[in-house]
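Chemist: Below is a structure I'd like to ask you about.
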Number of protein chains: 2
Amino acid sequence: MENSNSSIEGNNLRVRKLELSDKSKGFLELLRQLTVCDSVSDKEFEDRFKEISMYGDDHVICVIEDEISGKIIASGSVFIEKKFIRKCGKVGHIEDVVVDAGSRGMQLGKKIVGFLADHARSMGCYKVILDCSDGNKVFYEKCGFKKKEIQMVKYFV
Amino acid sequence: MENSNSSIEGNNLRVRKLELSDKSKGFLELLRQLTVCDSVSDKEFEDRFKEISMYGDDHVICVIEDEISGKIIASGSVFIEKKFIRKCGKVGHIEDVVVDAGSRGMQLGKKIVGFLADHARSMGCYKVILDCSDGNKVFYEKCGFKKKEIQMVKYFV
């Protein structure tokens, strides 16, 4: 039996922006591999999709679809923060990078992070930042990142 | 001679949203105590102010003004990121918290961070996050935060 990955290795695994129809292609199931991601109704999904879309290029969620299975196998997001420091500079914030457990080892994570960083750069950001576990430090170093500060969190729920 | 701080200690040091006129009250000079913050023209400032204002409650910059000197002595910002995880949850990102060097020891930082965290909570965020140096960890712990992950950065310029 053919390796399930080989079916997509030959394809040009294109990174594209999230589409509304990706809900039915396993987008939420993919995010569930990252953290808690409860099911939402089609209406809730569409409302949130529209809210994010209103930001245009200031908030982009990208995905990679396995065109054979029709499933979303990688995703990530970036939003552009507008500041006053650094001559009214901009900073890209990368969030929610995830690659399907069955599709690892194909550099999909690197593709996603590269797409998001390129987007931030094209939007005029002077830097792009993200938070990750110590365990993912080496991966992001391979993507050209360096450790800088520490992340602090306050939970409300 | 009276201590310069005592003039404002008696006042109710109110946290309020940034106003366009704060440029002439030393807002950029205050940010310069945080990081590189080159001068910008009134037009550039106004354009950026309007861009951020378009986000309404999704991107709030707050300040504390010393009403005696008419100077901005503390500031911070928070923007609300809309996600699909956690049942289309929201996360508040706190950035650029700074207190004037001559106005420290009056809990102004705590007031600013409290205002921003309260805003994120009122907007329905399930958590609020920020990045800081190891040296500021204890301050943020006093504000109710805990260390979670590490911050990675990629500079474009």
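Every number here is computed from the coordinates shown, using simple stated rules; none is lab data. Note that the structure is predicted; figures quoted are calculated from it, not measured. Note: ideal-geometry Cβ built from the backbone for every residue, glycine included; neighbour counts use all protein chains shown.
Chemist: Is there a pair in A:110/B:147; B:87/B:137; A:90/A:154; B:82/B:137; A:90/B:154 whose C-alpha atoms are over 23 Å apart, and which pairs would that be?
Modeler: On the way: A:110/B:147 26 Å; B:87/B:137 30 Å; A:90/A:154 25 Å; B:82/B:137 26 Å; A:90/B:154 13 Å.
Violating the 23 Å limit, Cα to Cα: A:110/B:147; B:87/B:137; A:90/A:154; B:82/B:137.
Chemist: Further question: Which listed residue (B:84, A:117, A:62) has the Cα farthest towards the positive end of the charge dipole for the protein assembly as shown, taking +1 on Lys and Arg C-beta and -1 on Asp and Glu C-beta about the Cα centre?
Modeler: Checked the options; the winner is A:117.
Chemist: Say the cut-off is 21 Å between C-alpha atoms; which of A:83/B:17; A:17/A:111; A:127/B:142 go over it? List each step's numbers first, then the result.
Modeler: Numbers: A:83/B:17 15 Å; A:17/A:111 13 Å; A:127/B:142 29 Å.
Exceeds cut-off: A:127/B:142.
Chemist: Which of the GluC sites (Glu not before Pro) found in the stretch B:44-123 are loop residues per DSSP with 14 or fewer other Cβ atoms within 10 Å of their Cβ? Don't skip to the answer; put the middle values down first.
Modeler: On the way: sites: B:44, B:46, B:51, B:65, B:67, B:81, B:95; in loops: B:67.
Here the GluC sites (Glu not before Pro) that fit, given the DSSP loop and packing criteria, are B:67.
Chemist: Positive end of the charge dipole of the protein assembly as shown (Lys, Arg +1 and Asp, Glu -1 on Cβ, about the Cα centre): tell me which of A:41, A:155, A:26 has its Cα farthest that way.
Modeler: A:155
Chemist: Then there's this: DSSP loop (so not H, G, I, E, B), at most 16 other Cβ within 10 Å: list which trypsin sites (Lys or Arg not before Pro) in the stretch A:96-151 pass both filters. Numbers along the way, then the final one.
Modeler: Values: sites: A:104, A:110, A:111, A:121, A:127, A:137, A:142, A:146, A:147, A:148; in loops: A:104.
Hits after loop and neighbour filter: A:104.
Chemist: How big is the charge dipole of the stretch A:6-142 about its Cα centre, in debye rounded to the nearest 20, if each Lys and Arg gets +1 on its Cβ and each Asp and Glu gets -1 on its Cβ?
Modeler: On the way: 22 positive and 23 negative charges, 147 e Å.
Dipole about the Cα centre, nearest 20: 700 debye.
Chemist: Where the centre of each part is set by its Cα atoms, how far does the stretch B:61-92 sit from the stretch A:107-136, in angstrom?
Modeler: Taking the Cα centre of the stretch A:107-136 as reference, the centre of the stretch B:61-92 is 24 Å away.
Chemist: Further question on the same structure: Just add up the charged neighbours of residue B:26: K/R +1, D/E -1, any other residue whose Cβ is under 12 Å from the Cβ of residue B:26. Please report the intermediate quantities before stating the final value.
Modeler: On the way: positive: B:23, B:25, B:32, B:71; negative: B:22, B:29, B:65, B:66, B:100.
After counting each charged neighbour, the total is -1.
Chemist: Could you work out how far helix A:42-53 tilts from the main Cα principal axis of chain A, as a 0 to 90 degree angle to the nearest 10?
Modeler: For A:42-53 against chain A, the angle is about 40 degrees.
Chemist: Let me ask something additional. Shielding of A:44-54 by partners, i.e. mean partner chain Cβ atoms within 10 Å per residue? Please report the intermediate quantities before stating the final value.
Modeler: Values: counts 3, 2, 0, 2, 7, 3, 0, 4, 5, 0, 3.
Other-chain Cβ atoms within 10 Å of each residue's Cβ, averaged: 3.
Chemist: Could you pull the Rg and Dmax for the protein assembly as shown, using just the Cα atoms, both in Å?
Modeler: 21.2, 87
Chemist: For chain A, with the dipole built from +1 on Lys and Arg beta-carbon atoms and -1 on Asp and Glu ones, taken about the Cα centre, which of A:72, A:145, A:135 lies farthest toward the positive end?
Modeler: Result: A:145.
Chemist: Quick one: angle between helix A:108-122 and the longest Cα principal axis of chain A, in degrees between 0 and 90, rounded to 10, please.
Modeler: Computed tilt is about 40 degrees.
Chemist: Still on this model: Where the eigenvalues come from the Cα gyration tensor of chain B, what are the semi-axes √(5λ) of the equivalent ellipsoid, largest first, in whole Å? Provide the component values of the computation, followed by the final result.
Modeler: Working: eigenvalues 137, 79, 52 Å².
They are 26, 20, 16 Å, listed from largest to smallest.
Chemist: For a quick check, take a GNM of chain A with Cα springs below 10 Å and name the residue from A:61, A:52, A:73 with the largest mean-square fluctuation.
Modeler: A:52
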